[in-house]
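Report on the following structure.
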Amino acid sequence: MAETHPIASDPVAGLIDIPLPQPVSLWPQTWTSRIAIAVLLAALVVATWEILRYRRTNRYRREALAELERTLDARTPPVEMAAQLAVLVRRTALAVFPREKVASLSGPRWLAFLDGTYDRPEFSQGVGRLLVEAPYVPAPADDSQLRSLAELVRRWIKVHHV
């Protein structure tokens, strides 16, 4: 009986393993791409910081608008609504402007201040006069005037500048 060669009996035994390539790194290989990633991460951090700062500084606006909506939904009598709108505007102004500048203002000076922060004369020459007149007048303002006043207060809360 003839002896068989071990390679002849196992054809796979003579094969050499194929060397596998090194695993591909997920880290960028060039300095340019590394710098681009660092710049993108820095821009993301700065954008997130600015968005958070913007939301934090305008929180008083969101709260004032929510309070305005609650006031309008409550179906309060016209005299009380005018007084509530006057208080809301005053509280909103006190939240953002220095107390020393706002707290002592009343009458025409208060309306002039609101005009100055709104860049329109709608408070001193328009429906905004109701803020100082309506709470003290025995005959309440009509519904259309109160709706106009509420819309003016809404616009002022949204766009006044500091």
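Points to keep in mind about this one:
- Counting only helices (runs of 4 or more DSSP H) that sit wholly inside region 35-111, those with at least 2 residues that are among the small types (Gly, Ala, Ser) and under 25 Å from residue 125 (Cα atoms) are 78-96.
- The one condition in (1) among the hydroxyl-bearing types (Ser, Thr, Tyr); (2) more than 19 Å from residue 154 (Cα to Cα); (3) surrounded by 10 or more Cβ atoms within 10 Å (Cβ to Cβ); (4) at pLDDT below 95 that residue 30 fails to fulfil: (3)
- Residue in region 71-100 that is farthest from the chain's Cα centre (by Cα), counting only those that are at pLDDT 90 or above and among the basic types (Lys, Arg): 99
- Of all residues in region 7-23, at least one satisfies being among the aliphatic types (A, V, I, L, M) and in a helix (DSSP H, G or I).
- Cβ-Cβ contacts under 8 Å between residues 6 or more apart (or on different chains), taken from a first residue in region 74-95 that is farther than 10 Å from residue 131 by Cα and surrounded by fewer than 16 Cβ atoms within 10 Å (Cβ to Cβ) to a second residue that is at pLDDT below 95 and among the β-branched types (Val, Ile, Thr), are listed as 94/102.
- Hits in region 140-162 - residues which are under 20 Å from residue 71 (Cα atoms) and not in a helix (DSSP H, G or I): 140, 141, 142
- Count of residues meeting criterion [touching a helix residue (DSSP H, G or I) at 6+ places or on another chain (Cβ under 8 Å) and either more than 22 Å from residue 62 (Cβ to Cβ) or of a type in the set (Val, Ile, Thr) (or both)] in region 138-156: 8
The values are calculated or read from the model by the stated rules, or taken from the named source; none is laboratory data. A quick note: this is a predicted structure, and the numbers were derived from the prediction, not measured. Because the Cβ atoms are built from the backbone with ideal geometry, glycine has one as well, and the counts that use them run over all protein chains shown.
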